[in-house]
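Accompanying notes for the structure given below.
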Amino acid sequence: MSLKKLPQMLIDADWAGAERLLAPHAAAADASPSLIYNYGKVLFELGRFEASVATLIRVVEAVPDHQNGWFELGRAALQIEDYGLSYDGFATAFSLDSSDADARRNFARVALRVGRWEVAREAWEVFEGDPEADIALYRISAETGAHDTASRRARLLSAHPQRAQVIQALVRVSKGSIPLDLRPPS
């Protein structure tokens, strides 16, 4: 079966058609990593996340410096809540291309989620001033007892555009004590 129709199927988001077309080729022992990668992405789009993870693992085992393969493996692993594998996927994708802001941001998110505070801080610091990063950096400061926790909290309370996320972050790190007066200190 010819793969000539594949590019148009991908453009049209015909995931079921692309899966039928790619499956026999991807199963071949001599399948190219590029073809296997595309099959893994199609499986992801179909919501078949465990199969996507297994397929993307084949890609990164065959080509350990396949930056996109590692990134997509991180995404697929998140969907099955395998945070360790997701962390490894995004960490490797970011290490292979430190200019990839998406890889850095996703790596930072998973590092925060798994409590790798110092790694998360380092990943988020380049985004300081970004609303998501500012909340993450506050959470990291609060969790680690950093000296800048109070000033970060005050900045969040005074000027952050996403009030609901700020309150959620305050509750997450409250350790049983939520301030009743959420206004910044005068």
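Computed from the coordinates by the stated procedures, all read-outs in this text should not be read as laboratory data. Fair warning: this is a prediction, and the values are worked out from it, not measured in the lab. Methodologically, a virtual Cβ is constructed for each residue, glycine included, from the backbone with ideal geometry; neighbour enumeration extends over all protein chains shown.
Once you charge only the Cβ atoms, +1 for Lys and Arg and -1 for Asp and Glu, what is the size of the charge dipole of region 6-126 about its Cα centre, to the nearest 20 debye?
On the way: 11 positive and 18 negative charges, 44 e Å.
Roughly 220 debye for region 6-126.
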Task: Options 117, 44, 56, ranked by Cα towards positive dipole end of region 6-126, top entry (Cβ charges) - done: 117
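For a Förster distance of 45 Å, can you work out the FRET efficiency between the beta-carbons of residue 158 and residue 79, rounded to the nearest 0.05?
On the way: r = 36 Å, r/R0 = 0.81.
Efficiency computed from Cβ-Cβ geometry: 0.80.
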TODO: Set Lys and Arg Cβ to +1 and Asp and Glu Cβ to -1, take the dipole of the chain about its Cα centre, and tell me which of 85, 3, 96 lies farthest positive.
DONE: 85
Task: Label-point separation in nm, residue 30 to residue 5, each point 7 Å along Cα→Cβ - done: 2.5
- [ ] Starting from the Cα-Cα distance between residue 54 and residue 23, subtract it from 0.36 nm times their residue separation and give me the gain in nm to one decimal.
- [x] 9.8 nm
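With +1 on each Lys and Arg Cβ and -1 on each Asp and Glu Cβ, how big is the dipole of region 44-88 about its Cα centre, in debye rounded to the nearest 20?
Details: 3 positive and 8 negative charges, 21 e Å.
In debye, rounded to 20, region 44-88 gives about 100.
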- [ ] Note down the nm distance, to one decimal, between modelled labels 7 Å out along Cα→Cβ at residue 147 and at residue 46.
- [x] 5.6
Open item on the list: From the phi angles alone, apply the Karplus equation (6.51, -1.76, 1.60; θ = phi - 60°) to region 40-45 and give each ³J(HN,Hα) in whole Hz, x where the residue is Gly or Pro.
Closed with: x, 5, 5, 4, 4, 4
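Expressed in nm to one decimal, what extension gain is obtained for the pair residue 165 and residue 61 from 0.36 nm per residue of sequence separation less their Cα-Cα distance? Numbers along the way, then the final one.
Numbers: separation 104, 0.36 × 104 = 37.44 nm, distance 3.83 nm.
Extra length available between residue 165 and residue 61 comes to 33.6 nm.
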TODO: Mind putting a number on the dipole of region 132-171 about its Cα centre? Charges go on the C-beta only, +1 for Lys and Arg and -1 for Asp and Glu, and I need it in Debye to the nearest 20.
DONE: 120
- [ ] Provide the packing ranking of 4-15, 78-89, i.e. peptides ordered by the mean count of other C-beta atoms within 10 Å per residue, highest first.
- [x] 78-89, 4-15
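For residue 12 and residue 174, compute 0.36 nm times the residue count separating them, minus their Cα-Cα distance, and round to one decimal in nm. Kindly include the intermediate steps, with their values, before the conclusion.
On the way: separation 162, 0.36 × 162 = 58.32 nm, distance 4.72 nm.
Going from the current span to full extension adds 53.6 nm.
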TODO: Quick one: what are the phi-derived ³J(HN,Hα) couplings along region 103-119, Karplus 6.51/-1.76/1.60 with θ = phi - 60°, whole Hz, x for glycine and proline?
DONE: 4, 4, 5, 5, 4, 4, 4, 6, 4, 5, 4, 8, x, 8, 4, 5, 5
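Return the Rg/Rh value of the chain, two decimal places, where both radii are evaluated on C-alpha atoms and Rh is the Kirkwood radius.
Values: Rg = 20.6 Å, Rh = 18.4 Å.
Rg/Rh for the chain comes to 1.11.
What is region 19-84 by shape, rounded, prolate or oblate, if you read a ≥ b ≥ c off the alpha carbon gyration tensor as root eigenvalues and call it rounded for a/c under 1.5, prolate for a/b larger than b/c, and oblate otherwise?
Details: a/c = 2.18, a/b = 1.25, b/c = 1.75.
Here region 19-84 falls in the oblate category.
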Open item on the list: For region 69-132, what does the relative contact order come out to in percent, with C-alpha contacts under 8 Å and a separation of six or more?
Closed with: 24
